[in-house]
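No lab work stands behind these numbers, since they all come straight from the coordinates. None of these values were measured; they are calculated from a predicted model. In this analysis, Cβ positions are derived from the backbone assuming ideal geometry, glycine residues included, and neighbour counts consider all displayed protein chains.
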Amino acid sequence: MRLSRRQFTLTLMGSAALIAQPALAQGQDDARLTAFLDAQFEEEVQMDPQWLTRLGRKERYSELTARSEAHADRVLAWRRASVAKMKAQFAGAKLSEEARTSYDMWALELDRAEIEAKWRRNDYIFVRGGPQSGLPNFLINSHRVDTPADLEAYVARTRAIGPALDQSLERAKLAAAQESGRRASPSTRAWRR
């Protein structure tokens, strides 16, 4: 059977439309996932004033990031809820390869956070780069002072160093009290090699 140009063109366009439908739906799911992850990232970064500063943002500019176990537990609970929400809203198998990578990475962050929580009391707190030197370094290197309000925020942060160190000391005491024969965490073991 011989097709006319018109019939051939219509057949080709119909085939292309059938092929494009799943890709179009996949693209919509990808865009929804990207919007979801962008919103979740924004929620996460809002919990960490120092991260906001490192990103060049001046929101919560007078605060330091909480260092207590209670704060770490709240962040972990938020991450669990975030990943559960993502899995409820998106089917990983229906996403493009790129979107699936983002999906998997967000879920992997929860796995890492769970491991970190498990070993939370098995790492040393006051080490090189710990809060005793990290907080002053952060203020010197990251906190820009462009306006009088920035200077006031800087002063507020310097006043918050004492309570932040107290939170770190409390975590160190909890770690020391946990057990005397403690094992090093996987990340600490790798660092000591």
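Residues in the stretch 67-102 that are of a type outside the set (D, E), more than 17 Å from the chain's Cα centre (by Cα), farther than 30 Å from P163 by Cα and loosely packed, with under 13 Cβ neighbours inside 10 Å: A88, Q89, A91, A93.
Would you confirm, using the coordinates I've provided, whether L110 is within 23 Å of L165 (Cα to Cα), surrounded by 14 or more Cβ atoms within 10 Å (Cβ to Cβ), hydrophobic (A, V, I, L, M, F, W, C) and out of contact with any strand residue (DSSP E or B) (no Cβ under 9 Å at 6 or more places or on another chain)?
So L110 does not fit the description; no.
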